[in-house]
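Undergrad: Below is one structure. I have some questions about it.
The values are calculated or read from the model by the stated rules, or taken from the named source; none is laboratory data. None of these values were measured; they are calculated from a predicted model. Ideal geometry is used to build each Cβ from the backbone, glycine not excepted, and the neighbour counts take in all protein chains shown. Ligands, DNA and RNA are excluded from the accessible area calculation, which covers all protein heavy atoms including side chains. Shrake-Rupley method; radii C 1.70, N 1.55, O 1.52, S 1.80 Å.
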Amino acid sequence: MMVYFKGFLLGMTLQLSVGPVFFALLHKAVKEGFAEGFKMALGVALVDAAYIALSFTAVSGLMAANEGAEWFVRAGGALVLCWFGFGYIRGAGNKDTKACEAKAGGSFLYGIKLTVINPLSIVFWTGTFGAVLASGMIPGGVGIVVYAAGCVSATILFMTGASYMGSRVEGLLTPVAIKMLDRAVGVCLFLFAANLIIRQ
């Protein structure tokens, strides 16, 4: 139980450092309701679990030892975040957003796509979880699985909470407010992209 709790705390540490995925999920819950936000949250959690699994491979060592690899991930992620940000701003107030995303695979796949290209998630999980494993802070075998389960459950809990908060204001926003929200999320994604490029 203690191993699970430690994993939960590590996972919550990442979630409390809110990033572009959080704002995108909150935006989705505000515009489309709790169910769609929850589907996106499950997609985010699935990718987090995949990155944790990658920490057992040479990927974490490559990211830690090769600054060029980390910069490449940051630069590529920044470009994709800008693309998403441009899409939010260009489609501000567009009521057809939900239909377009349904064609692209729905909220679950949207959560997967946005988290996959988020460099913050990649660097955090391959670096931090890999370091925890190397330090011997958690027992091997089943202990690692329980620790990882704690990390992933933190993602699900935090993102589900964000979905619920966003859904509470669904239907209360005017068309003008929704358009401003769309643009604000787009600007946030641009700012996160810029931060990825300039940070050392």
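Undergrad: For the range 1-45: of the residues being farther than 13 Å from Phe158 by Cα and of a type in the set (A, V, I, L, M), which is surrounded by the fewest Cβ atoms within 10 Å (Cβ to Cβ)?
TA: The extreme case among them is Met1.
Undergrad: Limited to the range 1-24, what total is found for residues that are under 18 Å from Phe108 (Cβ atoms) and either at pLDDT 90 or above or not in a helix (DSSP H, G or I) (or both)?
TA: Number of matching residues: 0.
Undergrad: Then there's this: Looking at Phe86, Phe72 in this structure, which one is more than 30 Å from Ala177 (Cα to Cα), open to solvent by 70 Å² or more (accessible area, probe 1.4 Å), at pLDDT below 85 and part of a helix (DSSP H, G or I)?
TA: Answer to the check: Phe72.
Undergrad: Which of the helices (runs of 4 or more DSSP H) found entirely inside the range 118-200 contain at least 3 residues meeting this: in contact with a helix residue (DSSP H, G or I) (Cβ under 9 Å, 6 or more places away or on another chain) and at pLDDT 85 or above?
TA: On the way: elements: 119-124, 130-135, 142-168, 175-198.
Filter on the range 118-200 gives 142-168.
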